[in-house]
Structure formats: C-alpha cells, structure tokens
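See structure below.
The values are calculated or read from the model by the stated rules, or taken from the named source; none is laboratory data. Everything numeric here is computed off the predicted structure, so don't read it as measured data. Using ideal geometry, Cβ is built from the backbone for each residue, glycine included, and neighbour counts are taken over all protein chains shown. Keep in mind that these areas ignore ligands, DNA and RNA; they rest on the heavy atoms of the full protein, side chains included. Shrake-Rupley method; radii C 1.70, N 1.55, O 1.52, S 1.80 Å.
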Amino acid sequence: LATVNPTFSELKHLADTSEFWLGDTNTQAISATNRVCSIIDHFAQLCIASKTKTVAESTEDSNANEQTSFVHSESEEEDLPVITGTKERTHSKERVWRSYEVSAAGMLPQQPTLLRCDVPRDENQTLLRNLRVHEVVLILVKTRLKKTQSVQWSCYLRLLQSCYIFLIRYCKGNVVNQTRLAEHFDVYLEDLDKEVYAAVLVAEIFRDNIGLISSGVVQKVVRVVSRAMEKLENQDLNKIFLLEILISVIRYKNRAIKGNQTFIMHELENPSKEKSLQLFNGFDGIPQLKSFLGRMVTEKSDCDETKYEIRIPNTLWYTITLIDLLSGCTEGKSLAAEDKAQKMFSFDDCLRLMEELHQFWPLKEKVVFYLLHTFADTEKAASEENLERLKTLLPFIVVDLGSVVSSLRDHSKENHMFTHIYGSCSWNEAAISY
C-alpha cells in the first residue's frame, strides 16, 4: 500500500489534468502520456500472478519443446505505426513486435502477455478497488478524442489500450470488480470499433458472473455486438473478440443459460448476418478452406522446420471461434437453439470439413464438439439416422489416434503433437490465447 499510494496519487493528478495534455503531441504531452501508460501498466501487472509468460517466452518454450504452435497470421492486416516523438514511421509487424523495449520515446508497451492465461491476484484486485483506481482509469476512458492526425490518434489509442488491459485484469475472476465495471457498459460499447480491446473487457465482465449473465443487459449487449459484427470483415481481429462476448454469456461455469443461447441463435439466424458467417459450407466452402490450408502448409514449409510453427489467418480463427459459439449455444439440451444450429451448419457440412482438416486440431476439435452437442446430446432423443451418421466419424478418430501414436514413437519429446494455440494480436498490445 505504501508503494502504490504515491503512484496512484500521481495518476489521479494526471487524470484530473488530462484536458491539458491528452491529444496533444508536444514533448510534455507525450511525456505525460508515457507516464500515465507506465503507471496503468504497472497496476495491471499487480492484478495478475507475476509468473505469467509473454508471447515471446511462450513461443520460445514451444520451440524448445518441439511443440506445434498455431499462431495468428498477420499478413491480412496493414503494417502498424511506431510512434517516436512526433514522427511516425512504419515497420513490418514482426519488427514492431520485437521493438517494444527499445522504442526511443517509450511509446510502446512491454512485451504483450496472453490475457487468457493470466492468473488473477484477488488481494491486489481488492486493494486497487479500495483505492478506487478503476474510477481514475475510467475518467481517461471516458475522455473522447476526435480522430485527427495519425500521431495524435495513435497516442490516444495507446492510452486507451493500457486502460482496457488494466480493466480486463482488474475484473478477471473477481465478481465484485466485474459488477462495478458493468455500470459503464455504454462506455465500452462505444469503443467496440476501436483497436483497444473493449470487446475483451465486456467478455471478461460477463464471464462466470451469474448476476450479470441473467440480467436484462445481456440482450442489449448482444444486439449492439451483432450490429457491430455486420460492419466488420471476417479477417478483422475485432470480430473474433466480439464473438468472445457472445460465448461469455451462454454459460455460467458448467451450466448452460438456455434463454441466452436461444436469443443469440436467433440473432445469428438473421438472413442479413448469415452471409457473413464463414463456416466453409455451400458451393464455394471447401475450395476456400483448401486455399487457406494450402497457404498455411506452404508458409510452414518456408519456415525453419525445427520450430513447428503454423500461422493461422484471422479468417480461419473467426471460423474456429464461431463454431465454438454454435457448440456452446447447443450445449445443455436447448431444442430451439439445436434446430436453428442444425439448419445453419448441417451434419453434412461438418463431415465435409472433417474430411479436409486432417491434423488441423484447432478447428477439428471445435467441429467434433459441435457434432456431439448438436446431433447427439440433444433435448429430444437423437434420431437413429443421426446416431448412424455419427458412426461415420469413427474412421477419422482412428486415423487421428494413429497420427498421435506415430508421432510419440518418432519423437523423443512426447508433447510434439499436442498443439499450443496462440491468438497473437495484430495490435501489438496484448494477446488472446484460444
């Protein structure tokens, strides 16, 4: 407390005087932005266990252990800016990602962490709540800046990103903090179109909070999320995060929330949204999937074979997350949701995907769970036809088990075949592990 108090007082003073420096690009303004971001990043780190690994460390570990690592491909987005003083220069993403700690002006944060892998520290979350740190951070989040020159806007986004990462860690696994932050949903929903992880925060506020999941605010949030998704392309990382919001409200721990499942399926079933659902079904579906898988294999062959790293395009990660959502909506015997899902993504669609996926475990796993929840463990007794069709999956399972056994025989490191999956963000601020 003796260490946190003086730093918090400095943050509070800077937040109270933000009108004099926020959005400006002179030396003093940049210095103030750097200091605020540094303090907020420090408080964010206090909310989690100190042993959380960075993306770089985790990737190095996976290479050392000969693990196959699936990571987001960054080839679908534009290069990101690096801010140094008042000048803007552009690097490739790989160079930006590795330049965090050497940025001259300190505008870039420390190495990003896997937010999903964070282990919360309840005692520190409580301490920061008692100091009302979140209220000061929210003052900065609520301060709106019109999009103007690129350097000014980049500084503003950098500040918002730090604020949102703090709020995510501040409420992670903490019902009291989640409930406090839920009072400001309108603020976060305004930021869904910005690359600042507002969607990740909304998902974290809902996660395993039965009071919020059962409240009327869910339908309002789902409608806003649904409209926001319509405006985004499938390769947009933000669209994946928006799906995570929907996933967070369909279950409480291991219990399905039937009303939310049905409502979300109703929103997804809307004809205006069905066109944007990338499920690789229909006439062009399998050729598109083959194109993505072929590109991944080509990129893999061009890499160092000892690294066992395969890069997954955002569009494919969107499909993985979408099928995970559909599977969650049909979990727990919800007849209405099951009927809608079966029409949207049929058994034949799933079977065609299984034939093409081979050892692409991230998507294959989601398809298998979807089949079980939607066609086997159903509210009405599974039909004989469905049970017989499910038996057609056995050959795929036998082949997959054979692949794993062969791998264990061929490699001294037993974990070679077991994938470690990353969702490495293109925004260079944090990363979400799927």
Mind checking whether some residue in the stretch 162-175 is modelled with pLDDT of 95 or more, surrounded by fewer than 24 Cβ atoms within 10 Å (Cβ to Cβ), more than 23 Å from Ser9 (Cα to Cα) and more than 16 Å from the chain's Cα centre (by Cα)?
yes
Looking at (1) buried (at least 21 other Cβ atoms within 10 Å of the Cβ); (2) within 30 Å of Gln278 (Cα to Cα); (3) among the β-branched types (Val, Ile, Thr), which is the one condition that is false for Val217?
(1)
Name the single residue, out of those in the stretch 1-33 being among the polar types (S, T, N, Q) and exposed (fewer than 14 other Cβ atoms within 10 Å of the Cβ), that is modelled with the lowest pLDDT.
Thr3
From the list Arg227, Arg158, Arg251, pick out the single residue that is open to solvent by 40 Å² or more (accessible area, probe 1.4 Å) and touching a residue at least 24 places away in the same chain (Cβ under 8 Å).
Arg251
Within the stretch 310-343, which residues are open to solvent by 10 Å² or more (accessible area, probe 1.4 Å), β-branched (Val, Ile, Thr) and not in a strand (DSSP E or B)?
Thr315
For Arg169, are the conditions met, namely being closer than 24 Å to Val249 by Cβ and of a type in the set (D, E, K, R)?
yes
